[in-house]
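Notes for the one structure printed next.
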Amino acid sequence: MGKRVVITGMGVAAPNGVGLENFNSSLKAMKSGIQFFPELEKLKFSCQIGGKPEISEEILNRYFTPLQLRGLKSSGIIYGVISGTEAWEDAGLKISKEESPDWDTGIIFGTGILGVDKFREAIHLIDEGKTRRLGSTSVVQTMASGISAYLGGILGCGNQVTTNSSACTTGTEALLMGFERIQTGKAKRMLVGSCGDHGPYVWGGFDAMRILPNKFNKEPENASKPMSREAAGFVPGSGAGALVLEDLEVALERGAKIYAEVLGGDINSGGQRGEGSMTAANNEAVVRCIQKAIKNSGITADKIDAVNGHLTATTKDAVEIMNWTEALKLKGGSFPFINSLKGMTGHCLSASGSIESVASVLQISNNFIFGNLNCEEIHPEISDLISHKCIPTTMLEKKINILAKASFGFGDVNAVAIFKRYKA
Amino acid sequence: MSEKEILTRLKKIVEPYVQSLEGLQNFKEETDFLNDLQINSANLVDVILDVEDEFNIEIDNDSMEGMLTVGDAKAIIQRKLPQG
């Protein structure tokens, strides 16, 4: 039996809310963060909408020094640093200026691709023969581990400081990797999370794959429809989420507030075999991942009160529900409540797992289940499997004891984490 | 351009990179960018780019290597500035 791991701080920069309080209110109010981008129209995108956190000058100046802001063009780093620092402060931790770092605290902060706008600037300069004009931060803003490097320096962490990358599984994977590091006693505290850049150079490839909705450019807030009969593809998003994980004993010792406990989880891959491919999940792997997560957490499926799914708003949503019913052996009205944040934020890609984990934990600590936005008519293949009562379309005041959070990603990779209300 | 004006502009350029306020208060020709102003060595290339933009000149790698103090920078700028 390893160490118990609890969540003591959280931060978020989501399309529908920057900062934990704003985000919590948006979840309860089911506020959409999807907007139309004239730039995407000009660039002839089919899908001209997306999700992007609104970052004010005031927030930038709060989280970055004037020097850091010079030439800062990596939106992923901006979102990641804001959410990571907020989580740190929310956990009641101080930013130490001591000579030695905090050896017991580490960071696992993932991303899919980082600093694309900075990279674009560099490409133009290089092609014009002006490589010497790149400046000193071109490398650190575009290296994948730029985000963990920025946070590591700001917070002074001396344990493992790294960046993971597993497409849309990234955030949930980071959380489970940090969890394991504490559970096995290698660290006492881990800042975990993930971030993702916004903009045409991140979203273009998905537009080209024709998996984004193209009929909602005039009504962006209605576009993202997880589990709906009218689900027409995922709306691309961006942002970051962050959580401070802590050895329970350490958290209790310093009197930290505890949002919830991480019971366990599992990470696997379908090997792109069976139904699995570069872009589709192997169902057997998804079912195994859910079942192993439950087993690792020392619970049984019937103890799960709520599921926060991956549910991107494509036709694959029904397949995900089928896998959940298969893994939990629960169907119809006995299935737990299930929701998807993506109706409000779109699919925040590499940032999705961490933003949605923050949303999941907020539901546990604040006793509510947010409603599924844009899911007035449930997809018939889904209503064949579970009762419509399991898919709330308005916010429910409800005490959740155990919640399962899943993320699935390109490359046929899966991650499932189990959160529980903290009890001594 | 007068020496005084070059130094005034130079001081403004380095300000955001400086980590020692004491060094900045005693800003003079002998001031060493790394030791006295505590500028991160990686940021020296940014200082060079800002100097290039401010004075509309180009500073090659060889000149950059000899630029350790404020005085060195002043001399390089004077040399590169068009005469008259």
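Give, as ranges by residue number, the residues of the stretch A:387-424 whose backbone N falls under 17 Å from the point 7 Å along Cα→Cβ of A:Asp104. No residues fall inside that zone. The chymotrypsin sites (Phe, Trp or Tyr not before Pro) of the stretch A:177-267 include none that meets both conditions, a loop assignment by DSSP and at most 14 other Cβ atoms within 10 Å of the site Cβ. Contact residues in the stretch A:39-80 (at least 50 Å² less accessible area with all protein chains than alone, 1.4 Å probe): A:Leu67, A:Arg70. Going by the alpha-carbon gyration tensor, a ≥ b ≥ c the square roots of its eigenvalues, is the stretch A:10-82 rounded (a/c under 1.5) or, if a/c is not under 1.5, prolate (a/b greater than b/c) versus oblate? Oblate, since a/c reaches 1.5 and b/c is not below a/b.
If you roll a 1.4 Å probe over the heavy atoms of the protein chains, what accessible area per residue do you get for the stretch A:5-260, in Å²?
Working: 10610 Å² over 256 residues.
Here the residues of the stretch A:5-260 average 41 Å² of exposed surface.
Annotation for the stretch A:60-106: trypsin sites (Lys or Arg not before Pro) lying in DSSP loop with at most 12 further Cβ atoms inside 10 Å of their Cβ are A:Lys94, A:Lys97. Taking a straight line from the alpha carbon of A:Lys130, these lysines sit under 20 Å away, with near neighbours fewer than eight places off in the same chain left out: A:Lys73, A:Lys118, B:Lys80. Highest GNM mean-square fluctuation among A:Asp102, A:Asp302, A:Asp127, for chain A modelled with Cα contacts below 10 Å: A:Asp127.
For the protein assembly as shown, what is the percent of antiparallel DSSP beta bridges, rounded to the nearest 5? If you can, show how the numbers build up before the last one.
Numbers: 44 of 63 bridges.
DSSP beta bridges in the protein assembly as shown are roughly 70 percent antiparallel.
By definition, a body whose alpha carbon gyration tensor gives a ≥ b ≥ c is rounded when a/c is under 1.5, and the stretch A:265-421 falls into this rounded group. Of the complete DSSP H runs in chain A, none spans 27 angstrom or more by Cα along the long axis with a mean Kyte-Doolittle score not below -1.0.
Using the structure shown, select from A:Lys218/A:Lys399; A:Lys257/A:Lys405; A:Lys3/A:Lys52; A:Lys316/A:Lys423; A:Lys28/A:Lys389; A:Lys186/A:Lys342 the pairs with a Cα to Cα distance greater than 26 angstrom.
Working: A:Lys218/A:Lys399 38 Å; A:Lys257/A:Lys405 22 Å; A:Lys3/A:Lys52 37 Å; A:Lys316/A:Lys423 36 Å; A:Lys28/A:Lys389 18 Å; A:Lys186/A:Lys342 34 Å.
In this structure, A:Lys218/A:Lys399; A:Lys3/A:Lys52; A:Lys316/A:Lys423; A:Lys186/A:Lys342 exceed 26 Å between Cα atoms.
Is the stretch A:5-260 best put as rounded, prolate or oblate by its Cα gyration tensor, with a ≥ b ≥ c the root eigenvalues, rounded for a/c under 1.5, and otherwise prolate when a/b is larger than b/c, oblate when not? Oblate, because a/c is 1.5 or more while a/b does not exceed b/c.
What are the trypsin sites (Lys or Arg not before Pro) within the stretch A:208-290 that DSSP puts in a loop, where the Cβ has at most 16 other Cβ atoms within 10 Å? Intermediate values should be presented prior to the final figure.
On the way: sites: A:Arg210, A:Lys215, A:Lys218, A:Arg229, A:Arg254, A:Lys257, A:Arg273, A:Arg288; in loops: A:Arg210, A:Lys215, A:Lys218, A:Arg229, A:Arg254, A:Lys257, A:Arg273.
Within the stretch A:208-290, the qualifying trypsin sites (Lys or Arg not before Pro) (loop, at most 16 other Cβ atoms within 10 Å) are A:Arg210, A:Lys215, A:Lys218, A:Arg229, A:Arg254, A:Lys257, A:Arg273.
Once the 1.4 Å probe is applied to the protein heavy atoms, the stretch A:265-421 comes out at 35 Å² accessible per residue. Mean sequence separation of contacting Cα pairs (under 8 Å, at least six apart), scaled by the length of the stretch A:5-260, corresponds to a relative contact order of 33 percent.
Straight-line reach from B:Lys12: taking Cα to Cα under 19 Å and skipping same-chain neighbours fewer than 8 places apart, the lysines in range are B:Lys4, B:Lys28, B:Lys74.
The values are calculated or read from the model by the stated rules, or taken from the named source; none is laboratory data. Because the structure is predicted, anything quoted here is derived from the model rather than measured. Cβ: placed from backbone, ideal geometry, glycine included. Neighbour counts: every protein chain shown. Remember, those area values only see protein heavy atoms, side chains included, never the ligands or the DNA or RNA. Shrake-Rupley method; radii C 1.70, N 1.55, O 1.52, S 1.80 Å.
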